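Asks: For reference, the structure I am asking about is given below.
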Amino acid sequence: MKAYVFPGQGAQFSGMGKELFDASDDAKRLFNQANEVLGFDIASVMFEGTDEALKQTNVTQPAIFIHSTILAACLGDAFKPDMVAGHSLGEFSALVANKTLSFEDGLRLVSARATAMQKACELIPSTMAAILGLEDHVVEDICSSIHGVVVPANYNCPGQLVISGELKAVEEACLKLNEAGAKRALILQVGGAFHSPLMEPARTELASAIEATQFNNPICPIYQNVNALPVTNPSEIKENLLTQLTAPVKWTQIMIAMNDYGISEVIEVGPGKVLQGLFKKINRELQVSSASIS
């Protein structure tokens with residue numbers, strides 16, 4: 001059984017998508033459509049922009065989405081998923097790939113999400129930190145003991161958990177997590193506290209955009225971030241997308257659930273190879289690869 005997975009923010013790189021644009025008229029059409037939807041030439045930024053330009057939230061999230069969804073489209077008949085999943089932002093790419101959303105609607109939602117998240121980030125000093133080498137329950141317990149907002153945000157794989165919240169609370173949590181034996185507690189260079197209660201303003205803003213968007217019955221289940229369960233009901237998918245903004249990404253749980261279901265192959269669709277490496281930490285016997293049009 002094949003699982004197709006889609007990366008989130010952080011996988012961007014200068015030049016991304018150029019090989020797709022050059023290889024396919026369909027890809028050219030989708031890139032031009034993306035430029036029209038966003039109101040600026042994102043293709044040029046992806047192909048020629050600096051790393052700094054690609055780090056801007058209003059560019060980063062659409063760029064990764066565009067790369068992933070166009071790559072999936074270019075696979076044509078070879079794209080035969082038994083299930084899909086996406087890490088955070090990647091969930092929107094997965095929903096286009098499994099036909100729940102159109103490319104245009106998905107891009108509009110991603111753009112609205114990026115704008116809403118950026119606004120929320122500017123309201124209060126906040127950040128995220130990567131915690132390595134501790135069991136999840138230790139990180140959870142220490143976060144809950146801190147005065148202020150700091151919560152688990154990304155369960156990436158066993159022994160790797162990202163926390164998120166108010167700047168001072170995250171810094172205090174990192175000190176306590178180091179004392180508890182963490183191999184590393186590293187503050188990340190991010191715009192704010194994603195997947196935490198501090199994103200509630202973004203959730204409110206995104207709700208109207210999601211409600212106004214057509215969600216179709218998918219061709220296969222999507223394992224969603226908020227519950228690590230296979231979902232096919234469009235109404236449930238919509239609600240889970242909203243909840244995702246303020247809830248942790250349960251990627252560890254998704255990988256375990258997919259593995260337990262009996263997948264034999266994982267194909268990462270989009271820039272980077274991070275998700276493949278995470279799956280190998282769950283099951284070294286899994287066949288993992290990057291989607292390619294060559």
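Only the coordinates and a few stated rules stand behind these numbers; no lab work does. Note that the structure is predicted; figures quoted are calculated from it, not measured. All Cβ positions, even for glycine, are placed from backbone atoms using ideal geometry, and neighbour counts span all protein chains on display.
Asks: For every helix of n ≥ 4 consecutive DSSP H residues, a contribution of -39,500 (n - 2.57) applies; sum these over the chain, divide by its total residues, and give [θ] at 222 nm rounded to the nearest 500 deg cm²/dmol.
Replies: Values: 13 runs with 142 residues, N = 294.
That comes out to -14500 deg cm²/dmol.
Asks: Between ASP51 and LYS80, what FRET efficiency comes out of the Förster formula 1/(1 + (r/R0)^6) with R0 = 41 Å and r the beta carbon distance, rounded to 0.05? Display every interim value, and only then the final one.
Replies: Values: r = 35 Å, r/R0 = 0.84.
Calculated value: 0.75.
Asks: In percent, how large is the relative contact order of the chain, given Cα pairs closer than 8 Å and 6 or more residues apart? Show your work: numbers first, answer last.
Replies: On the way: 612 pairs, mean separation 68.9, N = 294.
Relative CO of the chain lands at 23 percent.
Asks: Now for a separate question. Where Lys and Arg each count +1 and Asp and Glu each count -1, what net charge lies around CYS157 among other residues with Cβ under 12 Å from its Cβ? Let's see the in-between values first.
Replies: Working: positive: LYS250, LYS280, LYS281; negative: ASP136.
Its environment carries a net charge of +2.
Asks: State the antiparallel share, in %, of DSSP beta bridges confined to the chain, rounding to the nearest 5. Mind showing how you got there, number by number?
Replies: On the way: 19 of 33 bridges.
DSSP beta bridges in the chain are roughly 60 percent antiparallel.
Asks: What length, rounded to one decimal in nm, is gained on full extension from PHE40 through to GLU239, with 0.36 nm per residue of separation minus their alpha-carbon distance?
Replies: Numbers: separation 199, 0.36 × 199 = 71.64 nm, distance 2.98 nm.
Separation in residues times 0.36 nm, less the Cα-Cα distance, equals 68.7 nm.
Asks: In addition: For the chain, I need the span (max minus min coordinate) of the C-alpha atoms along each principal axis, in Å, sorted largest to smallest.
Replies: Reported extents, whole Å, longest axis first: 55, 42, 37.
Asks: Please report, in debye to the nearest 20, how large the charge dipole of the stretch 126-187 is about its Cα centre when each Lys and Arg carries +1 at its beta carbon and each Asp and Glu carries -1 there. Mind showing how you got there, number by number?
Replies: Values: 4 positive and 8 negative charges, 39 e Å.
Result for the stretch 126-187 is approximately 180 debye, rounded to the nearest 20.
Asks: For GLN33 and THR204 in one chain, what is 0.36 nm times their gap in residues minus the Cα-Cα distance, to one decimal in nm? Kindly include the intermediate steps, with their values, before the conclusion.
Replies: Working: separation 171, 0.36 × 171 = 61.56 nm, distance 2.74 nm.
Taking 0.36 nm per residue and subtracting the Cα distance, the gain is 58.8 nm.
Asks: Can you give the angle from 0 to 90° between the axis of helix 136-145 and the longest principal axis of the chain, with both taken from C-alpha atoms, to the nearest 10?
Replies: Roughly 60 degrees, rounded to the nearest 10.
Asks: Rounded to the nearest 0.05, what FRET efficiency do SER264 and GLN214 give with R0 = 45 Å and r taken as the Cβ-Cβ distance? Could you check? Let's see the in-between values first.
Replies: Values: r = 33 Å, r/R0 = 0.74.
That gives a FRET efficiency of 0.85.
Asks: Something else about it: Please give, to one decimal in nm, the separation of the simple spin-label points placed at GLN118 and SER292, each 7 Å out from Cα toward the Cβ.
Replies: Once both label points are built, they end up 3.5 nm from each other.
Asks: Same structure, new question: Helix 234-244: angle to the longest alpha-carbon principal axis of the chain, degrees 0 to 90, nearest 10?
Replies: With rounding to tens, the tilt is 40 degrees.
Asks: Now, a different point. At 0.36 nm per residue, minus the direct Cα-Cα distance, what do ASP141 and ASN178 gain on full extension? Give it in nm, one decimal, please. Before the final figure, lay out the partial values.
Replies: On the way: separation 37, 0.36 × 37 = 13.32 nm, distance 1.37 nm.
Gain in length upon complete extension: 11.9 nm.
Asks: While we're here: Run through the stretch 231-292 and list the trypsin sites (Lys or Arg not before Pro) located in a DSSP loop whose Cβ has at most 12 other Cβ atoms within 10 Å.
Replies: Working: sites: LYS238, LYS250, LYS273, LYS280, LYS281, ARG284; in loops: LYS250, LYS273, ARG284.
Passing both the DSSP loop test and the Cβ count: ARG284.
Asks: To make sure I understand the rule: partners must be lysines, Cα under 29 Å from the Cα of LYS250, and not fewer than 8 residues away in the same chain. Which ones qualify?
Replies: In chain and number order, the partners are LYS2, LYS55, LYS80, LYS99, LYS119, LYS168, LYS176, LYS183, LYS238, LYS273, LYS280, LYS281.
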